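Novice: Provided herewith is a single structure, encoded as structure tokens, for subsequent inquiry.
The values are calculated or read from the model by the stated rules, or taken from the named source; none is laboratory data. Owing to the predicted nature of the structure, the values given are computational and were not obtained by experimental measurement. Neighbour counts run over all protein chains shown; Cβ positions are idealised from the backbone, glycine included. Accessible surface is based on the protein model in full, side chains and every heavy atom, while ligands, DNA and RNA are left aside. Shrake-Rupley method; radii C 1.70, N 1.55, O 1.52, S 1.80 Å.
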Amino acid sequence: MWQARIRCLIAALWAGSLWTVGYLVAPTLFATLSDRVLAGTVAASMFRSQAWLSIACAVLLLVLLQMKMVETEARRTLLVLALAILFGTLVVHFGLQPMMAALREAAGAGGVMESAQKARFGMLHGVSSIIFMVQSLLAGVLVWKMR
């Protein structure tokens, strides 16, 4: 019984962190701060922190799901959802974000949107955003299916 409650809390924390950072904090930074370079830097830092929280939630949830306190078919669905969300986090955090950070750093004080690498950054950002949107939807399904 306590494991089911812990699993639900972890899933809610995980989904809530994705939704809060991606759909509340980051847009608020860009809407509030007049310096878009600073807003991007702070948003990138928030997404880094969120990625580590996501990895921690995934590991904890996967361990709890392996304790076989959940029926087999439901456990399989929850495992697939958790692994899919984790995979997205790993691709973005260890694959796309370092490339985006390198482009930001190379652009200097003017920012990447004023550099020759604007199109490449935009493409990477777009792919990252799509992955994040899919993760957000899968996190909602995870919370919905959690028992």
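Novice: So how many residues does the stretch 101-126 have that are over 18 Å from the mean Cα position of the chain (by Cα) and over 18 Å from ALA39 (Cα atoms)?
Specialist: 4
Novice: Consider the stretch 89-130. How many of its residues are in contact with a Leu (Cβ under 8 Å, 6 or more places away or on another chain) and more than 14 Å from GLY40 (Cβ to Cβ)?
Specialist: Residues that pass the stated criteria total 4.
Novice: Going through the stretch 41-70 one residue at a time, which ones are of a type outside the set (A, V, I, L, M), open to solvent by less than 60 Å² (accessible area, probe 1.4 Å) and out of contact with any Leu (no Cβ under 8 Å at 6 or more places or on another chain)?
Specialist: Matches in the stretch 41-70: SER45, PHE47.
Novice: Can you tell me which condition LYS145 does not meet? The list is (1) at pLDDT 95 or above; (2) open to solvent by 40 Å² or more (accessible area, probe 1.4 Å), and all the others hold.
Specialist: Of (1) at pLDDT 95 or above; (2) open to solvent by 40 Å² or more (accessible area, probe 1.4 Å), only one is false for LYS145: (1).
Novice: Next question, about the same structure. If we keep just the residues of the stretch 75-100 that are open to solvent by 20 Å² or more (accessible area, probe 1.4 Å) and over 15 Å from the mean Cα position of the chain (by Cα), which is modelled with the lowest pLDDT?
Specialist: ARG75
Novice: Ok, one more. Of all residues in the stretch 134-147, count the ones that are touching a residue at least 60 places away in the same chain (Cβ under 8 Å) and part of a helix (DSSP H, G or I).
Specialist: 8
Novice: A further question follows. Every residue in the stretch 61-98 that is in a loop (DSSP other than H, G, I, E, B) and not acidic (Asp, Glu), please.
Specialist: GLN66, MET67, LYS68, MET69, VAL70
Novice: I'd like to check something: does the stretch 111-133 contain any residue that is closer than 16 Å to ALA15 by Cα, in a helix (DSSP H, G or I) and touching a helix residue (DSSP H, G or I) at 6+ places or on another chain (Cβ under 7 Å)?
Specialist: Yes.
Novice: May I pose another question? Restricting attention to the stretch 17-31, which residues are closer than 22 Å to LEU81 by Cβ and either open to solvent by less than 20 Å² (accessible area, probe 1.4 Å) or in contact with a strand residue (DSSP E or B) (Cβ under 9 Å, 6 or more places away or on another chain) (or both)?
Specialist: Matches in the stretch 17-31: SER17, LEU18, VAL21, GLY22.
Novice: Does the stretch 27-35 include one or more residues that are of a type in the set (Asp, Glu) and not in a helix (DSSP H, G or I)?
Specialist: yes
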